1. Find the relative contact order for segment 86-178 and round it to a whole percent, using C-alpha pairs within less than 8 Å whose residues are 6+ positions apart.
2. Can you pull the one-decimal nm distance between simple spin-label points at T167 and N99, each 7 Å off the Cα toward Cβ?
3. Label-point separation (nm) for K36 and N183, each offset 7 Å from Cα along Cα-to-Cβ?
4. S139 to T206: FRET efficiency via 1/(1 + (r/R0)^6), r the Cβ-Cβ distance, R0 45 Å, to the nearest 0.05?
5. Using label points projected 7 Å from each Cα along Cα→Cβ, tell me how many nm separate T239 and A196, to one decimal.
6. Looking at segment 133-216, what % of the alpha carbon pairs are farther apart than 23 Å?
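Any read-out appearing in this document is the output of simple, stated calculations on the displayed coordinates, not a laboratory observation. Remember, predicted model here, so these are calculated numbers, not experimental data. Note: ideal-geometry Cβ built from the backbone for every residue, glycine included; neighbour counts use all protein chains shown.
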Amino acid sequence: MKRILASAAFLLVSAVLMGQANTTPGMAAQQVWGQKTLSYVNSATPTQFWFALEAVSGRCYCVETANYETGYGDKFMDTKLTVYRQDHATPIVVNDDNNEEPKGYFLSRACWVHNLPNETVFVKLAPSASIVASNSTVSLRFLETTLFCPWFFVAGDYNAFSLIRNTSYTDLPGVVVTWRGLNGIVAGSTTVTIPANGTVVLNARTFVNPALFSNGSVEIAYPGAPDQLQGSTTTLSGTTGLGFDALFTQRKPW
């Protein structure tokens, strides 16, 4: 009975996948950040599959491929991801072999900071080499990786130190740290490189005018893997000795 149910489930997934028609930008499958989906890649008759998502200016995102373990086990595949702007012609980022930690070998991970206007972005999935088995099933994951910290405070003699740790063994350039006032207006910003396995400490007072923005929030956008950065903001006063911490977290729909 279990074997019959497993076979039926596989046939159902196969039927859904074979029925998809998102092989052109105009037929792109609409996705939301935090969603997973399945698709095929076929090296014998290479086909492109397209997906559309809404990207917000200043945020950061990642798209990843992974093997989908069916009853037959699609073990050997070489995928390629290309993320395009709204014109589905101007590339934002391309990734063939995922060689950044955590490595995915011939799988793909395309990550970027969206330093562009709010727009629909298009993701193209395609086979990269003949190592892809015919009709291999690929799992795709779409993630927003922006980090948010709810509080900093620099009134009086208070300082607010954001401690940002790179969990990877490779340097991470292009990390954008932004401070916002309570009304959401940008109060200050800087772009830094965080060394491999290293930590950067940034004092809000260096980038924010306390007379205009005495408190608010902090956010980080970076072109790296999900959870590659971890951090917190420590606010403290040398006079009173009072201090408190606020952690950076991601928005994860599920």
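1. 22 percent
2. Taking the simple label geometry, T167 and N99 are separated by 2.4 nm.
3. 4.4 nm
4. Numbers: r = 43 Å, r/R0 = 0.95.
Step by step, r from the Cβ atoms, then E = 0.60.
5. Spacing of the two 7 Å Cα→Cβ label points: 4.5 nm.
6. Working: 1302 of 3486 pairs.
For segment 133-216, the share of Cα pairs beyond 23 Å comes to 37 percent.
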